[in-house]
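The block underneath contains the structure these notes are about, expressed in structure tokens.
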Amino acid sequence: MVEHVKRLNRELVYKGTILDYYKDTIELPDGNTEEWDFVSHRMGAAAILPVLPDGRIVMVRQYRNAIDRETLEIPAGCRDSRTEDTAVCAEREMEEETGYRSTHVKHLLSLRTTVAFCDEFVDVYVATELEPCTRHLDEAESIDVEIYTLEELCSMIYQGKIQDGKTIAAIMAYASAVRGGLGETGE
């Protein structure tokens, strides 16, 4: 049984554009106190796994400052507001980043990205019945679109070439659903 901890104080250290950084004072079960970091992701996010009619998956390659390199990921982004439906956000991000839209979007899974110090959540969707449209990247975005088979993506995960958590979770959940005969989203 886990003994309870109690937050005694939460102090805002830095307010960013989408993230706020706090210093929490925590009382441990033995009565001692510790300071813990906490990052609040104010908007939440959504991601989408775009599947072409032939089963190949549309991916995006982009530079990520936190790790100082390019990564291969599924399209994703922050919600425009706390009340924006994550499905709407995911569809918008797919269109902006890949130049595809879909008439068939289903929820695949929900995840928390880094529970040790951050409250960010991401709802992940699968899009099928894709049709090409106009791509319109945000001003600061430089994104390449790449297309892979599910088998190629699973192999890249096991080789350590794909390390983004939301992307790994989405690909593996989708692969499990498809291989298990559960349909495209396991429903």
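The values are calculated or read from the model by the stated rules, or taken from the named source; none is laboratory data. Keep in mind it's a predicted model, so treat the numbers as computed, not measured. Note that each Cβ is placed from the backbone with ideal geometry, even for glycine, and that neighbours are counted across all protein chains shown. The area values use the complete protein model at the heavy-atom level, side chains included, leaving out ligands, DNA and RNA. Shrake-Rupley method; radii C 1.70, N 1.55, O 1.52, S 1.80 Å.
Which count do you get for residues in region 169-181 that are of a type in the set (A, V, I, L, M), buried (at least 18 other Cβ atoms within 10 Å of the Cβ) and more than 15 Å from Val60 (Cβ to Cβ)?
So in region 169-181, the residues of a type in the set (A, V, I, L, M) come out as 169-173, 175, 177-178.
Right, trim to buried (at least 18 other Cβ atoms within 10 Å of the Cβ) and you get 169-171, 173, 177.
Applying the additional criterion that residues be more than 15 Å from Val60 (Cβ to Cβ) yields 169, 173, 177.
Residues meeting the conditions: 3.
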> In region 82-101, which residues are more than 15 Å from Ala170 (Cβ to Cβ) and touching an Asp or Glu at 6+ places or on another chain (Cβ under 6 Å)?
Replying inline: Arg101
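Any idea which residue in region 109-127 is nearest to Glu91 (Cα to Cα), counting only those that are in a strand (DSSP E or B) and in contact with an Asp or Glu (Cβ under 6 Å, 6 or more places away or on another chain)? I'd like the intermediate steps shown before the answer.
First, pick out the residues of region 109-127 that are in a strand (DSSP E or B): 109-112, 118, 121-127.
Then keep just the ones that are in contact with an Asp or Glu (Cβ under 6 Å, 6 or more places away or on another chain); that gives 110, 126.
On the way: Ser110: 16, Val126: 10 Å.
Of everything passing the filter in region 109-127, Val126 is nearest to Glu91 (Cα to Cα).
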> Residues in region 45-71 that are over 21 Å from Glu120 (Cβ atoms) and in contact with a Gly (Cβ under 8 Å, 6 or more places away or on another chain): how many?
Replying inline: 0
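Quick check on region 134-155: of everything there that is open to solvent by less than 50 Å² (accessible area, probe 1.4 Å) and assigned to a helix (DSSP H, G or I), which residue is farthest from Thr71 (Cα to Cα)?
Of everything passing the filter in region 134-155, Leu150 is farthest from Thr71 (Cα to Cα).
Run down Asp85, Asp54 and say which single residue is surrounded by fewer than 18 Cβ atoms within 10 Å (Cβ to Cβ), under 16 Å from Thr128 (Cα atoms) and free of Cβ contacts under 8 Å to residues at least 60 places away in the same chain. Please lay out each step first, then the result.
Working: Asp85 fails: under 16 Å from Thr128 (Cα atoms).
Of Asp85, Asp54, the one residue that is surrounded by fewer than 18 Cβ atoms within 10 Å (Cβ to Cβ), under 16 Å from Thr128 (Cα atoms) and free of Cβ contacts under 8 Å to residues at least 60 places away in the same chain is Asp54.
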> Does at least one position in region 6-27 carry a residue that is polar (S, T, N, Q), at pLDDT below 95 and not in a strand (DSSP E or B)?
Replying inline: yes
> If Leu109 satisfies every condition in (1) closer than 30 Å to Glu139 by Cβ; (2) at pLDDT 95 or above; (3) under 15 Å from the mean Cα position of the chain (by Cα); (4) open to solvent by less than 50 Å² (accessible area, probe 1.4 Å) but one, which is the exception?
Replying inline: (1)
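For region 65-82, enumerate the residues that are within 16 Å of Ile18 (Cβ to Cβ) and without any contact (Cβ under 8 Å) to a residue 40 or more places away in the chain. Before the answer, list the steps.
Narrowing region 65-82 to residues within 16 Å of Ile18 (Cβ to Cβ): 65-66, 76-82.
Hits for region 65-82 are Asn65, Ala66, Gly77, Arg79, Asp80, Ser81.
For the subset of region 42-77 comprising residues that are assigned to a loop (DSSP other than H, G, I, E, B) and aliphatic (A, V, I, L, M), which member is farthest from Lys6 (Cα to Cα)?
Looking only at region 42-77, we keep the residues that are assigned to a loop (DSSP other than H, G, I, E, B), and these are 42-44, 52-56, 68, 74-75.
Pick out the ones that are also aliphatic (A, V, I, L, M) and you get 43, 52, 74.
Values: Met43: 26, Leu52: 49, Ile74: 37 Å.
If we take residues in region 42-77 being assigned to a loop (DSSP other than H, G, I, E, B) and aliphatic (A, V, I, L, M), then Leu52 is farthest from Lys6 (Cα to Cα).
For region 113-147, enumerate the residues that are closer than 24 Å to His41 by Cβ and modelled with pLDDT of 95 or more. So that I can check it myself, show each step before the final result.
Initial filter on region 113-147 (closer than 24 Å to His41 by Cβ): 113-127, 137-143.
Passing the criteria: Val122, Asp123, Val124, Tyr125, Val126, Ala127.
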>> Being open to solvent by less than 80 Å² (accessible area, probe 1.4 Å), under 16 Å from Leu52 (Cα atoms) and touching a Gly at 6+ places or on another chain (Cβ under 9 Å) narrows it down to one residue among Glu97, Glu120, Glu91, Glu131; which is it?
In response: Glu97
>> Checking Gln163 against (1) open to solvent by 50 Å² or more (accessible area, probe 1.4 Å); (2) of a type outside the set (A, V, I, L, M); (3) free of Cβ contacts under 8 Å to residues at least 12 places away in the same chain; (4) assigned to a loop (DSSP other than H, G, I, E, B): exactly one of these is not met. Which one?
In response: (3)
>> Looking at Val39 and the list (1) β-branched (Val, Ile, Thr); (2) open to solvent by 80 Å² or more (accessible area, probe 1.4 Å); (3) in a strand (DSSP E or B), which single condition is not satisfied?
In response: (2)
